[in-house]
Amino acid sequence: MPGAYETLLAQLRDIGKLNALDALLEWDQDTQMPPKGVGTRAETVAFVAAQRHQRRTSREMRELLSQCAEHDADPVRATNVREARRTHQRAANIPAELVEELARTASHARTIWAEARRKNAFAAFAPMLAKLIELKRRQADAIGYADHPYDALMDEYEPGASTAEISRTFDQLRARLVPLVRALDGARRQPDASLLKRHCPRSAQERLCRRMAEVLGFDFEAGRLDVSVHPFCMSVGSGQDVRITTRYDEHYFPAALFGVMHEVGHALYEQGLDPAHMFTPMGSYCSLGIHESQSRLWENLVGRSRAFWATQFPVAQELLGDSLSGVSLDAFYSAINVVRPSLIRVEADEVTYNLHIIVRFELERDIISGGLKVDDIPDAWNAKMTELVGITPANDAEGCLQDIHWSMGAFGYFPTYALGNLYAAQFHAAATRDHGKSRHSLTESDLRSLLTWMREKIHRHGMRYLADELCEAATGARLSVDAFMEYVNTKYRPLYGLEAAQA
Ligand code: ZN
């Protein structure tokens, strides 16, 4: 007869398969499904979600967990049991009526938010937002927290993250980043990005995107690249079947190119998870912050580096033809690295992006603690944008209504984006250190050794460590803003003709 752990593992694998099924339904909905399928698809998705919730919270699960040892010397068993306990506790603590009310309110709120954004009318969204915030506070109370209710909400995306710790990190980041952004913005030399707006046929972009995905190491035998309105990466088969998407703009090819490099980074992580632990926590990603570190690393630290294009620019010129003819490597390199304060987060460059996230993090933290009232959000948003990014939204559509997250009830998600940038820089610095001096041109074999480093230090550990433990194990130090600040200072000051930094 199988022991408690073996039975638990079988249950976890079933939950993992339900996750894969859910991902496949979502991928299909965003890439293939005909419009009339939306009603029945919602039913199917809800059915899968209910099955998953039932398995996570079942009495059998509780009994199995109580029979598994509290501490286990074997790291695989310890990881799987710890994570099963965490998700069971979380799910079991939230009353079923609250789960349902949150789901119903959020699905309703998405439509109302979209309408309010279109009409640029925060007041139309405010009552719904107030309701969602109240439900999220109840959810935080139900889950429980030691210090701040926001901790309980972040735990869904970044297990183990604490509001106090992230506040400290982000305070250090803003203190060093704001002066750099001001200096770049005021520099006399400003890069010219107009060459990126040349017409570029979709077919040529598709060829370039596929080629760059292969160069970075994406395995097309274990993945696909398709088109969707909002680009994403989704694992539908535990790393053996990873779907990424992009969208093409014939008058701005970098959107697809860097979008694909970003999603390839996510996909490389999924493809690098240990197949021996398929469908279990040990074979799953660590946290959203760590996931984002992988996408940012390949998109920015590699994909926007001069060393990468020193070898790949001739390939891009050949594949894009007229769109890049007569363009020099240096002109291309500075065009893809424009830093400019802007209003919309998803269009922000890698330097100012973090300031957009700090604005959202500080607002969310105060919204959830009750310190910031819903009606005061637009003014608070605009004041923080002015203070940090140095630019003031003219209306709520380009201010506090721009992101979908709050309408989905996804409070606590935003910080993971900036954590991803910080982790990416620290991992990249450690990998470069381990491989000797940094190079002026990255060959495909250099890219393979970088990927091997990520596979060994990050990917194959699955959920064995919490994000900050993983960072310490991989780089020898806990997360700090130093590597990121070193990276942006070293890269951007010369591009803008500024003196080297005192960082
Ligand atoms: Zn991402």
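Just so you know, all these numbers are worked out from the coordinates, no wet-lab data involved. Please read all numbers here as calculations on a predicted model, not as lab measurements. FYI the Cβ positions are ideal-geometry reconstructions off the backbone, even for glycines, and counts take in every protein chain you see.
Structure values in brief
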{"read-out": "Segment 266-308 - Rg and Dmax from Cα coordinates, angstrom", "value": "12.4, 39"}
{"read-out": "12 Å beta-carbon shell around ALA310, net charge (K/R +1, D/E -1)", "value": "0"}
{"read-out": "Per-residue ³J(HN,Hα) for segment 161-166, Karplus 6.51 cos²θ - 1.76 cosθ + 1.60, θ = phi - 60°, Hz, x for Gly and Pro", "value": "5, 10, 4, 5, 5, 5"}
{"read-out": "R0 of 60 Å, Cβ-Cβ distance ASP376-THR443: FRET efficiency to nearest 0.05", "value": "0.65"}
{"read-out": "The chain: Cα Rg divided by the 2.2 N^0.38 Å rule of thumb", "value": "0.98"}
{"read-out": "Normalised contact order of the chain, rounded percent, pairs of Cα under 8 Å and 6 or more residues apart", "value": "20"}
{"read-out": "Sequence-distant residues sharing a close amide H with ARG224 (under 5 Å, placed H)", "value": "VAL242, ARG243, ILE244"}
{"read-out": "Approximate spin-label separation LYS119-ARG176, in nm, with each point projected 7 Å along Cα-to-Cβ", "value": "4.6"}
{"read-out": "Karplus 3J(HN,Hα) series, Hz, for segment 174-185 with 6.51 cos²θ - 1.76 cosθ + 1.60 (x for Gly, Pro)", "value": "5, 4, 9, 7, 4, x, 5, 4, 4, 5, 5, 5"}
{"read-out": "Computed [θ] at 222 nm, helices only, for the chain once each DSSP H run of length n ≥ 4 contributes -39500 (n - 2.57)", "value": "-20000 deg cm²/dmol"}
{"read-out": "Shape of segment 1-159, Cα gyration tensor, a/c cut at 1.5", "value": "oblate"}
{"read-out": "Using alpha-carbon coordinates, inclination of helix 96-119 to the longest axis of the chain, degrees", "value": "30"}
{"read-out": "Whole-Hz ³J(HN,Hα) from phi, Karplus 6.51 cos²θ - 1.76 cosθ + 1.60, for segment 255-263, glycine and proline x", "value": "4, 6, 4, 6, x, 5, 4, 4, 5"}
{"read-out": "Sparse-neighbour loop sites [GluC sites (Glu not before Pro); segment 398-503; at most 10 other C-beta within 10 Å; DSSP]", "value": "GLU499"}
